[in-house]
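Here's the structure, in structure tokens; my notes come after.
The values are calculated or read from the model by the stated rules, or taken from the named source; none is laboratory data. Just so we're clear, the structure is a prediction, and the values are computed from it rather than from any experiment. Backbone-built Cβ (ideal geometry, glycine too); neighbour counts: all protein chains shown. Only protein heavy atoms, including side chains, enter the accessible area calculation; ligands, DNA and RNA are left aside. Shrake-Rupley method; radii C 1.70, N 1.55, O 1.52, S 1.80 Å.
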Amino acid sequence: SGLKMLRFTKLGRLLRILEMLRMLRLMRLLEDFAEMHLSEGSRLMFRIASLASGIMWGTHLLACLWYAVGNFSASDTGTSWYDYAEVILAEGSIGYLETGPVYQYVTAFHWAAAQVALGGVELYPKNSLERVFNILAMMVGFLFGSTVVSSLSAAMVDFQMMQKEKTQRLRSLRQYLNENTVDQSIAMRVQKQAEERLSVRERLTEQQVEVLDMLAPALRSELRFAIQRPHLGRHPLFRLWMSVDINLTQRACTKSISFSLLRPKDDLFLPGNTVDRAWCLMSGSLNYVQTPDTAAVEEEISTPVEPGKWLCEAALWSEWIHVGKAEADVSSQLLVVHPETLSEYVQSNAMIKDVTLEYGKHFHKRIISARPPDAEYPTDLEVPYTDYCDLVVSMSREVQVVIGTFAVNQLVEQQWQSGKGSQEISKLTEEVESGKSLVVVTGEGSVFRLVSIIALRIEQVDGSIFAQVGKISNSEISAACQLPGAKQERDELLSEAVKRIFATKLQIMEGKSDMMSSSRHVVEKESKEYGVQTRYLRTICTMRYSADGELEAPSYLADEPVAQLASTGKEDVFVPDDPSFFQSLRERPVFAVWEKQGKAAIFAWLSPEQFEILSGSSGEAQLKAWLALVDFTYEEPSVDNAPQEADQVDVDDAVVESEYDSEVWIEHDVVQI
């Protein structure tokens, strides 16, 4: 039992030590917070409160030790200090140990406070151990008290010096305003903003930290890059640079990237000014404003800018003029990228050079092509369709392979965390190396397989939508309702992709539709085949059918509702859940664009309600039954309307919504003609 008691005592001491360490750590964290976020006066008050709390905590520990020495230790005189700490009453006295716990604690705390403050108290040591402890406590109290007094004095003097400097600055400002007879309303605003900014602690710049000049150039470069890296890594291009050559990226960033600090209400840039740099917001927040006077907007538009956002990236790849104003809401810090110096380092690595040139080329193409109705006008915050994934889709095959290889390598490094099989990774690697699959790493570090899709939503005045409802292949009908479209090809803008779709798939509509607008829909889904997340970039181009008359293509109407199903080979009568809806389908003509006998694409004009139902899973049976009632008689296509087989692209709707793929068409239901 004695051994157990000894172990328990040691454990209690260890826990007390850990508790003290936690308190010290907490105090340090609070001091750091105060240094970063509080004003001079608030920091002084916090410092005083911290010192007072430290004194109280130290006094508490000393009081507990004094009580333990008197109550639990052996005495060489047979007595202890608490024997003489009785309470004298009119009727007699009460022993110290007979009083309540509150009185006992306050008495011990009073003795400890006297040692810290070097004051007097009626409690005295009565044996050798208590006297030795009292001597040590007095010495500690002397050192501790003098340290506290000096710390408070230094804090007060420092505060007074800062207040004196602030007062002198404001006095100089008032003198300047008076000497120049500035209007009183403007003078008041100037003085108010000056007082506000003087009361806020400014963030230190690298030039203000003189000791940094003493560091070796290599270490200083490493320090700068360590500060820049978390923010640069949010841009996928710079993240790729780091993967290719981290040392070159560090040297380039050290020489080509600087920091900029903004106070509240400071302007980062104004509309109409030219710019030769780009910014990345590290901390704080900005407000970006466009007005009809300086931008192609109908009314004033205000956009908040949060940390991680890039501003004027277009200036890295073109001669850019600001079309808006950026103003700091709070104190903000930004990375500043200087393209002239950066380009010198790009030349040093052939792989980085090739990727960067491709990136810049396609970014520039989208700048000069960004105009309605294909896209919105570019701004200082965003150029339409210049997301990293959009640009990579358009790059050359060689550059796509380079980007995909580094993405797959990162996926391999993460393999043990994600649990992806090596067989899936090997298959994905083969697809990337052959140029069949495109894989990228985003600024957040996520790995995606990319598929970019262009879909055409052609509408008539009454709202009818021109949809592809199926296809005929080898005299079999595959039923699927979707918008006509295709995958976006390399080195192809949105307008070019639309022209290609009309030329290869929709010759019957070519020159008969006007672009109204475009919208982007991003869908992500796990690919079971490759074991990686697939991101589908689906651009829907809304167009207005402007021609009069019927389409120049064979049209067909449905017969009586009896179909011969391929699955059974028997005649079955289809009983629709909504007879009126099915009847409205039968009244709609369908158009077949024949490539050759036994192979055609099937289209129809559908109302928005019909399109929504037929493109969902609930409309598959009705779509199949409708097409089964149509007698598709082959008609020789004209030269102008014949699809170009080499460019013909089909649909794989096994993936989210649509993936246009020349290899696969998922056949919902097959009807033998």
Total charge of the residues flanking LEU177 in space, meaning their Cβ is under 15 Å from its Cβ, with Lys and Arg +1 and Asp and Glu -1, is +2
Spacing of the two label points (7 Å from each Cα toward its C-beta) at HIS60 and ARG229, in nm:
4.1 nm
Ordering MET45, MET509 by the accessible surface of their heavy atoms, 1.4 Å probe, largest first, yields MET45, MET509
Per residue of region 267-279, in order, report the coupling 6.51 cos²θ - 1.76 cosθ + 1.60 (Karplus, θ = phi - 60°) as ³J(HN,Hα) in whole Hz, putting x for Gly and Pro.
8, 7, 7, 10, x, x, 8, 7, 9, 10, 8, 10, 10
Please report how far the C-alpha centroid of region 104-136 lies from that of region 214-239, rounded to the nearest whole angstrom.
56 Å
To the nearest Å², the heavy-atom accessible area per residue of region 102-178 with 1.4 Å probe amounts to 65 Å²
Cross-chain or 8 or more residues apart, Cα under 27 Å: how many lysine pairs in region 259-387 fit that? Count them up, please.
10
Order of 161-174, 202-215, 578-591 by packing, highest average Cβ count within 10 Å first?
578-591, 161-174, 202-215
Region 501-552: GluC sites (Glu not before Pro) in DSSP coil with no more than 13 other Cβ atoms inside 10 Å:
GLU529, GLU550
So, by mean Cβ neighbours within 10 angstrom, what's the order for 484-493, 178-187 with the highest one leading?
484-493, 178-187
Mind checking region 263-368 for chymotrypsin sites (Phe, Trp or Tyr not before Pro) that DSSP puts in a loop (not H, G, I, E or B) and that have at most 16 other Cβ atoms within 10 Å?
none
Cβ-defined net charge surrounding GLN583, 15 Å radius [Lys, Arg +1; Asp, Glu -1]
-4
Which Cα, out of THR181, LEU204, ILE135, lies furthest along the positive dipole direction of region 113-217 (beta carbon charges, K/R +1, D/E -1)?
THR181
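Pop out the carbon and sulfur fraction of the accessible area of region 389-474 as a percent, whole number, probe 1.4 Å.
For region 389-474, the apolar C and S fraction of the accessible surface comes to 44 percent.
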Could you work out what % of the accessible surface of region 487-559 is carbon and sulfur, using a 1.4 angstrom probe and leaving DNA, RNA and ligands out of the count?
45 percent
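I need the peptides 135-147, 429-441 ranked by packing, meaning the mean over residues of other C-beta atoms within 10 angstrom, with the highest value on top.
429-441, 135-147
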Can you give me the % of accessible surface on region 49-184 that is carbon or sulfur? Probe 1.4 Å, all protein chains present, nothing else counted.
64 percent
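How charged is the neighbourhood of ALA296? Take every other residue with its Cβ under 10 Å from the Cβ of ALA296, and add Lys/Arg as +1 and Asp/Glu as -1.
Taking every other residue near ALA296 into account, the sum is -1.
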